[in-house]
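The values are calculated or read from the model by the stated rules, or taken from the named source; none is laboratory data. Everything numeric here is computed off the predicted structure, so don't read it as measured data. Cβ atoms come from the backbone with ideal geometry, glycine included; neighbour counts cover every protein chain shown. In case anyone asks, the SASA skips ligands and DNA or RNA and just uses the protein heavy atoms, side chains included. Shrake-Rupley method; radii C 1.70, N 1.55, O 1.52, S 1.80 Å.
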Amino acid sequence: MSKTEFEFTDSVMYVKGVGPNRAKALEKLKIFTMYDLLTHYPRTYDDQRYITPISQARIDEQGVFIGTLYNINLRETSRLKILSATLSDSSGSIKVMWFNQEYLQKKLFTGTRIMIVGKVKFDTWNGCLAINQINSFAILEPGEKVTLGLKPVYPATATINQSVFRTAIQNLLEKMPPIKEILPAQILKKLNLMPLDTAMRQIHFPKDAATLGQARRRLAFDELFLIQCGLMLIKRQNTEQKLGITCKKNGALVKKVFESLPFTLTDDQLKTFKTVAQDMESSLPMRRLIQGDVGSGKTVVAMLALVKVVENGWQGALMAPTEILAVQHYNTFTQMLEKFGIRIGLLSAKVTRYKKTREENYSKIANHEFDIVIGTHALIQDAVQFAKLGLVITDEQHRFGVTQRANLGKKSEVVPDMIVMTATPIPRTMTLTVYGDLNVSLIKQMPPGRKPIKTSVKTVRSRKTVYEFVRSEILKGRQAYVVCPLIERSESERFNSVDPATEIYEMLSRGIFKDISCALIHGKINPLEKDEIMTRFHDGKIKLLVSTTVIEVGVDVPNATVMVIENAERFGLSQLHQLRGRVGRGSEKSYCILISDSKQGAAGARLDLMESTNNGFELAEEDLKLRGPGQFFGESQHGLPDLKIANVFRDIETLIEARNAAETFVTSESDLSYFAGLRKNLALAYGDKFNQINLA
């Protein structure tokens, strides 16, 4: 099927070698258009510059082998289907093995000439060398000449193999007209970037390794530059193009509340509040992310900001992800602020389910009888109308979607100031990329008296000793958490080694803790029941709480001194650190015990790091190194897709170059005429998100 006019947005089925059937199969890889196919970048490259004679095959070395197949055989075990054959060339023979690809039996025959790229291993079953880690292979026609070089290896499916991808993309590149530049000439020259058209062609079929490196750098730069520009354009729209509220310098009320604090703020807290106050005194809307490790004292900074906005005649709103956290904030704020005449309201499921109470609170919010309103997502219900909303704060912001935060901001007739807070340490590279539209403040210092949590890794064989220690702590009057990765065991997990929360709870509550009050909490429990359990745990009526990660963001329980995390290898570093932060909130020494038999590889490295440091920011950077960048862009943040070619850890220098270039580009008045073209490219690459930006 062909098409005379070329448009990147045309269906991929019009590419020669694709057609309707393969186009349908490509949808599994989210390839719908010609642009999607063009930017379906290789995940790696086979070095096919040199043919390896079979006689020179060496264990653990990769090679390119060309020969003829003989002795093709399919053997089945209880877990695998193994297709094997003998590959021969003029120098010798070697065994070749494919695993669970029995469909190849219909394509491979005795006498088939084939090229295989793979790693050689010693086959202990047959006692010989074998190519059993196959990267790619191609069936060769009689007399077909092999083109050597760096060959792309694409993310593929069983029905769309490497040969189909290479042919289709080669056909697309031949049909595609030269790609127009999207970057200003001064950026290209200053950073010595390869032309876009050259880079797009060389990334698929590079002539050599040096050219591939240049192509990859150019495309990674473009990806990061477009995202940075988009985020800065959002920031420009939210700040420079809109007037917000303007607060006066800190007055008597802020000073009275500040002086009444029962503790001394750390230097980081003081610095962050000073920066927040300066933002609030500007006519431009504040957009600030406050990152603070678990227990670093972000909430007091948020409280002071709310006091400042109240002192200037506005209302403030604080949105928390759970009812129990909202109630905790409400109780803390009431205790500290009501004596100064600040009126505080609470909106949550417990409050809003009673019509009379709900309508009374709605009325008080609308009539400015509440100065500060604390609540859950109940704050963004249509019926909630603020009289004069000037500051919006979201706590544990990663638990709210960007739409929910925006909806809360729309409760004001003006553009309110906004603070988003997180106790999840975010690597610097991720902050630069994902939160490019926010200014960032860090609170790294811990308040005086906060004791480090002693963390240790134990094997499953030590479980009895671990829970005897937990029992001894509870008998001293303390409380404890036990965290599990799963709620219950599914049919597919019947025989694995993961112990779900339901089974651990039964084992503990009927065993060593049978005379101690225990409870089980997880995501499938009714929210009201969940809050009731957490309240009883907070009040000390429950001594041992078995849970999934629903307690990752929870209530302060200073009396909880021990956390046991079962199958700790199942969690990422940042999540383990978040969970650990549930203990160590009181004056007593606290413990986090990680139970795992996985001491090898990345899992073992994560557990070792947890033992060695309590610093969440160090752990976040290491987590990024161990697990890769992951899905930094999703609906929960800015609606952007995953990075296709850039890697925010590996490409940190390119990221900083892109950010600096974007800052210069977006703020330069002389480049305003270029915004329309830039927006078109942003929309092509990242959907409609950036089409909504008003650049007038």
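Could you check the range 160-186 and list, in sequence order, the residues that are under 30 Å from Ser136 (Cα atoms), exposed (fewer than 15 other Cβ atoms within 10 Å of the Cβ) and among the small types (Gly, Ala, Ser)?
Ser163
Can you find a residue in the range 116-133 that is within 14 Å of Leu69 (Cβ to Cβ), in contact with a Phe, Trp or Tyr (Cβ under 6 Å, 6 or more places away or on another chain) and open to solvent by less than 50 Å² (accessible area, probe 1.4 Å)?
Yes.
Which of the residues that make up the range 439-476 are basic (Lys, Arg) and over 21 Å from Thr272 (Cα atoms)?
Matches in the range 439-476: Lys451, Lys454, Lys458, Arg461, Arg463, Lys464, Arg471, Lys476.
Show me the strands (runs of 3 or more DSSP E) found entirely inside the range 108-184 where at least 1 residues are of a type in the set (Lys, Arg) and in contact with a helix residue (DSSP H, G or I) (Cβ under 9 Å, 6 or more places away or on another chain). Spell out the reasoning first.
Values: elements: 113-123, 128-140, 149-153.
By residue number, 149-153.
Taking the stated definitions as given, is Lys255 outside any helix (DSSP H, G or I) and more than 23 Å from Asn615 (Cα to Cα)?
Values: outside any helix (DSSP H, G or I): no; more than 23 Å from Asn615 (Cα to Cα): yes.
Considered against the rule, which asks whether it is outside any helix (DSSP H, G or I) and more than 23 Å from Asn615 (Cα to Cα), Lys255 comes out as no.
Hey, among the residues in the range 503-525 that are open to solvent by less than 60 Å² (accessible area, probe 1.4 Å) and modelled with pLDDT under 90, which one's nearest to the chain's Cα centre (by Cα)?
Only one residue fits best here, namely Gly523.
Mind listing just one residue for me: the one in the range 298-341 that is open to solvent by 20 Å² or more (accessible area, probe 1.4 Å) and of a type in the set (Gly, Ala, Ser) and, of those, nearest to the chain's Cα centre (by Cα)?
Of everything passing the filter in the range 298-341, Gly313 is nearest to the chain's Cα centre (by Cα).
Mind counting the residues in the range 12-35 that are part of a helix (DSSP H, G or I), within 11 Å of Leu172 (Cβ to Cβ) and in contact (Cβ under 8 Å) with a residue 24 or more places away in the chain?
Of the range 12-35, the ones part of a helix (DSSP H, G or I) are 12-14, 19-29, 34-35.
Subset that is within 11 Å of Leu172 (Cβ to Cβ): 12, 14, 34-35.
Still in the running and in contact (Cβ under 8 Å) with a residue 24 or more places away in the chain: 12, 34-35.
Residues meeting the conditions: 3.
So which residues in the range 526-542 are buried (at least 16 other Cβ atoms within 10 Å of the Cβ) and in a loop (DSSP other than H, G, I, E, B), if there are any at all?
Listed by number, the list holds a single entry, Ile542.
Suppose we keep only residues that are assigned to a loop (DSSP other than H, G, I, E, B) and either in contact with a Cys (Cβ under 7 Å, 6 or more places away or on another chain) or polar (S, T, N, Q) (or both) within the range 546-596. Which one would you say is surrounded by the fewest Cβ atoms within 10 Å (Cβ to Cβ)? Write out each step before concluding.
If we filter the range 546-596 for residues that are assigned to a loop (DSSP other than H, G, I, E, B), which is where we start, we get 548, 552-559, 566-567, 571-572, 581-590, 596.
Narrowing the set further to residues that are either in contact with a Cys (Cβ under 7 Å, 6 or more places away or on another chain) or polar (S, T, N, Q) (or both) leaves 548, 559, 566-567, 583, 587, 590, 596.
On the way: Thr548: 20, Asn559: 18, Glu566: 24, Asn567: 22, Val583: 24, Ser587: 10, Ser590: 23, Ser596: 21.
Top of the filtered list is Ser587.
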